[in-house]
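A.B. asks: Take a look at this one; I'll ask things after.
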Amino acid sequence: MGASRASGEVFVLDIITSIPLFGSLTNAFCIICGSLAGLALRSRIPQKILELPVQGMALFIITLGVGMAIKTEHPLAVIGSIALGSLAGELVGIEAAFERLSSRIEKRMGGAKNFSSGFVTASLMYCTGSMAVLGSFEEGLGGYPSLLLAKALLDGLISVAMAASLGFGVPFSSISVFVYQAALTLAAGWLQPFMSEAAVTEMSATGGLMLMAIGINLLGLMKIRIMNMLPGLVFAVLLVKLFL
């Protein structure tokens with residue numbers, strides 16, 4: 001009986017590891033399912049009642065960002081990453097290009113509001129943590145995608161609340177999550193020498209600052225062009241590799 005059960009588990013593991021990008025696909029699927037449940041809930045709640053949950057979500061995002069940012073062991077690397085990344089993003093005009101794309105999507109969806117806010121918030125929430133990087137490398141190097149499957153469950157549950165609060169942009173974040181994690185998975189062998197433990201830590205800390213900026217935007221305290229900060233995630237890895 002025990003041998004039969006063990007052989008069955010091995011068979012399931014073999015199937016999972018043989019499916020390309022299984023972890024990232026599952027992660028995207030869970031986000032979509034959770035988001036659809038959240039949108040169904042949102043449609044039954046008056047918009048005015050959702051104001052306080054959105055503020056609560058903003059406070060949670062700020063707290064999460066602070067928790068990620070304070071784990072840095074090299075604050076100058078994080079500061080340099082944000083500064084250089086923001087400069088690069090401003091020169092390229094990432095935020096402006098994304099706003100134009102968001103406007104087109106909103107029009108095609110019948111004027112759905114706050115698409116950009118939901119998409120950016122959810123995408124950064126799901127992509128900036130260390131589980132996305134380490135889980136993608138785990139699968140890309142031939143291992144069982146245990147981290148990505150655990151992340152998929154967490155993201156799916158979180159997406160219920162996020163979609164209920166932030167709307168139609170949240171399910172579309174499944175696209176950015178899949179593309180980001182799939183790219184890391186496919187390039188794991190090449191990227192592994194660059195993604196040391198220190199690089200992942202500083203990349204996560206830089207992402208934490210961006211999450212704090214998202215929370216500030218959601219509270220309406222100021223308008224921070226977060227999309228223009230995104231190159232900072234790449235600079236975090238480069239600065240750690242060059243100077244640490």
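The values are calculated or read from the model by the stated rules, or taken from the named source; none is laboratory data. Just so you know, these numbers come straight off a predicted model, no measurement behind them. Because the Cβ atoms are built from the backbone with ideal geometry, glycine has one as well, and the counts that use them run over all protein chains shown.
A.B. asks: Kindly evaluate Phe29 against the criterion of being part of a helix (DSSP H, G or I), within 16 Å of the chain's Cα centre (by Cα), under 16 Å from Phe168 (Cα atoms) and among the aromatic types (Phe, Trp, Tyr). Step through it out loud before you land on a result.
C.D. replies: Working: part of a helix (DSSP H, G or I): yes; within 16 Å of the chain's Cα centre (by Cα): yes; under 16 Å from Phe168 (Cα atoms): yes; among the aromatic types (Phe, Trp, Tyr): yes.
Yes; evaluated as a whole, the condition is true for this residue.
A.B. asks: Sticking with this one: Any residue that is within 30 Å of Arg44 (Cβ to Cβ), charged (D, E, K, R) and modelled with pLDDT under 90 - is there at least one of those in region 154-162?
C.D. replies: Here is the first cut: in region 154-162, the ones within 30 Å of Arg44 (Cβ to Cβ) are 154-162.
With charged (D, E, K, R) added as a condition, the list becomes 155.
Next cut, modelled with pLDDT under 90 only: none.
No, every residue in region 154-162 fails to be within 30 Å of Arg44 (Cβ to Cβ), charged (D, E, K, R) and modelled with pLDDT under 90.
A.B. asks: Among Val133, Val179, Val170, which is the only one that is within 30 Å of Phe243 (Cβ to Cβ), surrounded by 19 or more Cβ atoms within 10 Å (Cβ to Cβ), within 14 Å of the chain's Cα centre (by Cα) and not polar (S, T, N, Q)?
C.D. replies: Values: Val179 fails: surrounded by 19 or more Cβ atoms within 10 Å (Cβ to Cβ); Val170 fails: within 30 Å of Phe243 (Cβ to Cβ).
The conditions single out Val133.
A.B. asks: Do we find that Val78 is aliphatic (A, V, I, L, M), in contact with an Asp or Glu (Cβ under 9 Å, 6 or more places away or on another chain) and part of a helix (DSSP H, G or I) in this structure?
C.D. replies: Numbers: aliphatic (A, V, I, L, M): yes; in contact with an Asp or Glu (Cβ under 9 Å, 6 or more places away or on another chain): yes; part of a helix (DSSP H, G or I): yes.
Yes.
A.B. asks: Could you pull out the residue among Met195, Met212, Met222, Met203 that is among the hydrophobic types (A, V, I, L, M, F, W, C) and surrounded by 23 or more Cβ atoms within 10 Å (Cβ to Cβ)?
C.D. replies: Met203
A.B. asks: Residue by residue through region 216-244, note down the ones that are within 12 Å of Val120 (Cβ to Cβ) and outside any loop (DSSP other than H, G, I, E, B).
C.D. replies: Within region 216-244, the first condition is being within 12 Å of Val120 (Cβ to Cβ), and the residues that meet it are 217-218, 224-230.
Hits for region 216-244 are Asn217, Leu218, Ile226, Met227, Asn228, Met229.
A.B. asks: Please specify each residue of region 82-128 satisfying the condition of being in a helix (DSSP H, G or I) and of a type in the set (Ser, Thr, Tyr). Outline the logic, then answer.
C.D. replies: Residues of region 82-128 in a helix (DSSP H, G or I): 82-92, 94-108, 115-127.
Of everything in region 82-128, those that are in a helix (DSSP H, G or I) and of a type in the set (Ser, Thr, Tyr) turn out to be Ser86, Ser102, Ser103, Ser116, Ser117, Thr121, Ser123, Tyr126.
A.B. asks: How many residues, within region 33-74, are assigned to a helix (DSSP H, G or I), in contact (Cβ under 8 Å) with a residue 40 or more places away in the chain and farther than 20 Å from Ile158 by Cα?
C.D. replies: Going through region 33-74 one residue at a time, the tally reaches 1.
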